[in-house]
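The structure under discussion appears below in the form of structure tokens.
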Amino acid sequence: MANQTTRRFFLGAVTAASAVRVFGANDKINVGIVGLGGRGTSHLNTYTRLDEARVAGLCDVNQAARERAQATLARKNLEKAQEFEDMREMFADPKIEAVSIATPNHWHALSAIWAMKAGKDVYGEKPACYNIYEGMRMVETQRQTGRIMQVGSQHRSWPFKIRAIAALQQGVIGKLYMSKALCYKLRPSIGHTPDSPTPAGLNWDLFLGPAPMRPFNQKRFAYYWHWFWDTGNGDIGNQGVHETGIARWALGDPGWPKTAMAFGGKFGIDDDTETPNTLTAGFSYGEQQLVIEVRGRMTNGEGIRQSRVVTAGPMSGQKPAAAPATSVTPNGAPVNVGVGNLFYGSEGWASMSDQGFQAYKGDSSELVLDERPEHGGDSTALHMQNFLAAVRSRKETDLNDPITNAVPSADLCHLANISYRVGRGLRIEPGATPKFTGDAEATRMITRPVYRKPYVV
């Protein structure tokens, strides 16, 4: 069966790669979704709300996930989609014109590369790539095939964040010297779980793909694959990559930093996870710095100026009340950030989260700009609409976060993980194949030690 699947895929690729459909104004784009777990379900629900798209294919290695997705289509009174267990079968289907990939991180590169070579345009979930090498191969393939590829950094399509970043780049708080990404999310222990038989209807070989073969374990499946090095990148490559991309965006999307340094660990829990739940990373671009902080345990937010917090007026003789976690400044602007960004400039500072953006200036931190999200805005839908519009126009420049820009954002997370794992700072030598000065061990971590055949990037 594997040989037949591979043969059909490559025969389909030869035909499909040369064809580019010209869409009419009212034509729907036939989208196939790869990966139907938590994020893939979000993809499904979003595409079915968009007039520009038709969900024509559903692919997952788990039969139960495919059945749930078909039930969703039925509840929405939409026609049944073609089902696939193996993504190569979907990519070989000429009816599928674009694919939306919501697989675990270790599949992001290979699935996108296969899809682009088969002539499909691609919307791929973040992080753009599982490691630095895979990102390079994705960019190379996109350039060779001329396909459209957007990465799911949906914040880049959110109007209030677009306005906020423009204001930062235009000097609302002066020249930026530091851009900070914050990822403070409480991540409970996953405990210790023994291996078990593979559940019926799950193709465990296809799930692991490029990763080493291991016995099935429930905690290496579903969401928890994020916390194992074989398949995930820890929270810095999960939630953190969103804020890292925004931090880089504010600096003008620079390329490789000159140096990278990270430290942290797995604190406060005893479980099977491998990735750190606490990680601080810093990158130097010369006159500017980018910092990422991940905290998976109990923590406050950042940005509170407690000396200026508004609280209920104390009665005579009482001490002022302590600042609560949702404190506001005297002008009513929230500044406590747990998942979001902080920016520091020569004339002030600013904070950003999904709740809003506030810029402060001068020694008194005068509020000079307050941007709030649009009521009812759906950044994922906006980002997917941006992708579908570029599929029609065939212009990569129409994308809000093309693969060529999203890979460098993901690479910052990979640099942090490499520095953490080798236990020292890195001096980066950029080039066609980047390396780390005087550090062969770190340079080897640019890619996997071995790819499991036939899932080789």
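The numbers here are math on the coordinates, done by the rules we state, and not lab data. Here the structure is a predicted model, which means the values were calculated and not measured. Don't worry about glycine lacking a Cβ; one is built from the backbone with ideal geometry, like all the others, and counts go over all protein chains shown.
Along segment 358-374 the Karplus relation, 6.51 cos²θ - 1.76 cosθ + 1.60 evaluated at θ = phi - 60°, assigns HN-Hα couplings of 10, 10, 10, 9, x, 4, 8, 6, 5, 5, 10, 8, 9, 9, 10, x, 5 Hz to successive residues, with x for each Gly and Pro. For Lys28, the aspartates and glutamates whose Cα comes closer than 20 Å to its Cα, not counting residues fewer than 8 places off in the same chain, are Asp51, Glu52, Glu79, Glu83, Asp93, Glu97, Asp121, Glu396, Asp398.
By other beta-carbon atoms within 10 Å, ranking Trp204, Trp158, Trp114 with the fewest at the front produces Trp204, Trp158, Trp114.
Using Cα pairs closer than 8 Å and at least 6 residues apart in sequence, work out the relative contact order for segment 161-265, in percent.
Numbers: 66 pairs, mean separation 34.9, N = 105.
Relative contact order, segment 161-265: 33 percent.
Of all aspartates and glutamates in the structure, those lying under 12 Å Cα to Cα from Lys453, and not within fewer than 8 positions of it along the same chain, are Asp205.
Close amide H contacts of Lys435 (hydrogens built in the peptide plane, cut-off under 5 Å, sequence separation of 5 or more or a different chain): Glu429.
Considering Cα pairs under 8 angstrom that are at least six residues apart, work out the relative contact order of the chain and quote it in whole percent.
On the way: 936 pairs, mean separation 86.0, N = 457.
Contact order relative to length: 19 percent.
When each of the peptides 191-197, 271-277 is scored by the mean number of other C-beta atoms lying within 10 Å of its residues, the order from highest to lowest reads 271-277, 191-197. Dividing the radius of gyration of the alpha carbons in segment 327-457 by their Kirkwood radius gives 1.09 for Rg/Rh.
Using a Förster distance of 51 angstrom, determine the FRET efficiency expected from the C-beta separation of Ala71 and Leu186, and round it to 0.05. Could you put the intermediate results ahead of the total?
Numbers: r = 32 Å, r/R0 = 0.63.
Once rounded, the FRET efficiency stands at 0.95.
A helix-only calculation puts the chain at -9000 deg cm²/dmol for mean residue ellipticity at 222 nm, using -39500 (n - 2.57) for each DSSP H run of at least four residues, averaged over all residues. With a Förster radius of 30 Å applied to the C-beta separation of Asp253 and His375, the computed FRET efficiency comes to 0.55.
Defining a contact as two alpha carbons under 8 Å apart and six or more residues distant in sequence, what relative contact order in percent does segment 20-175 show? All intermediate terms of the calculation are to be shown ahead of the outcome.
Details: 241 pairs, mean separation 29.1, N = 156.
Reported as a whole number, the value is 19 percent.
Using the number of other C-beta atoms within 10 angstrom as an exposure proxy, rank Lys185, Lys126 with the fewest first. Kindly include the intermediate steps, with their values, before the conclusion.
Details: Lys185 17, Lys126 26.
In order of increasing Cβ crowding within 10 Å: Lys185, Lys126.
Taking the Cα atoms only, what angle lies between the long axis of helix 63-75 and the longest principal axis of the chain, rounded to 10 degrees? The helix 63-75 is inclined about 80 degrees to the chain.
With a 10 Å Cβ neighbour count serving as the proxy for reagent exposure, in which order, fewest first, do Lys28, Lys180, Lys395 appear?
Numbers: Lys28 16, Lys180 24, Lys395 11.
Placing the least packed residue first, the sequence is Lys395, Lys28, Lys180.
With a/c under 1.5 counting as rounded, go ahead and sort segment 63-216 into rounded, prolate or oblate using the C-alpha gyration tensor (a ≥ b ≥ c being the square roots of the eigenvalues; past the cut-off, prolate if a/b is larger than b/c, else oblate). Numbers along the way, then the final one.
Values: a/c = 1.73, a/b = 1.41, b/c = 1.22.
Prolate.
With 18 Å as the limit, the listed pairs Lys126/Lys175; Lys95/Lys120; Lys258/Lys435 have Lys126/Lys175 beyond it between alpha carbons.
Note that segment 269-284 has calculated 3J(HN,Hα) couplings of 9, 10, 8, 7, 5, 10, 7, x, 9, 9, 8, 10, 10, x, 10, 10 Hz, one per residue in order, obtained from phi through the Karplus relation 6.51 cos²θ - 1.76 cosθ + 1.60 (θ = phi - 60°); glycine and proline are x. Amide H contacts under 5 Å for Val368: Ala359, Tyr360, Lys361, restricted to partners 5 or more places along the chain or on a different chain, H placed in the peptide plane at 1.01 Å from N.
Extending 7 Å from the Cα toward the beta-carbon at both Arg421 and Thr193 defines two label points whose distance is 2.2 nm. The magnitude of the dipole of the chain, with charges of +1 and -1 set on the Cβ of Lys/Arg and Asp/Glu and taken from the Cα centre, is near 340 debye.
As an exercise, identify the GluC sites (Glu not before Pro) in segment 50-139 lying in DSSP coil whose Cβ has no more than 13 other Cβ atoms within 10 Å.
Those satisfying the criteria are Glu79.
The amide H of Ile190, built 1.01 Å from its N in the peptide plane, has Asp272, Thr273 as neighbours under 5 Å, considering only residues 5 or more places off or on other chains. For segment 422-438, the Karplus equation 6.51 cos²θ - 1.76 cosθ + 1.60, evaluated at θ = phi - 60°, returns couplings of 8, x, 7, x, 10, 10, 8, 9, x, x, 4, 10, x, 8, 10, 3, x Hz by residue, with Gly and Pro reported as x.
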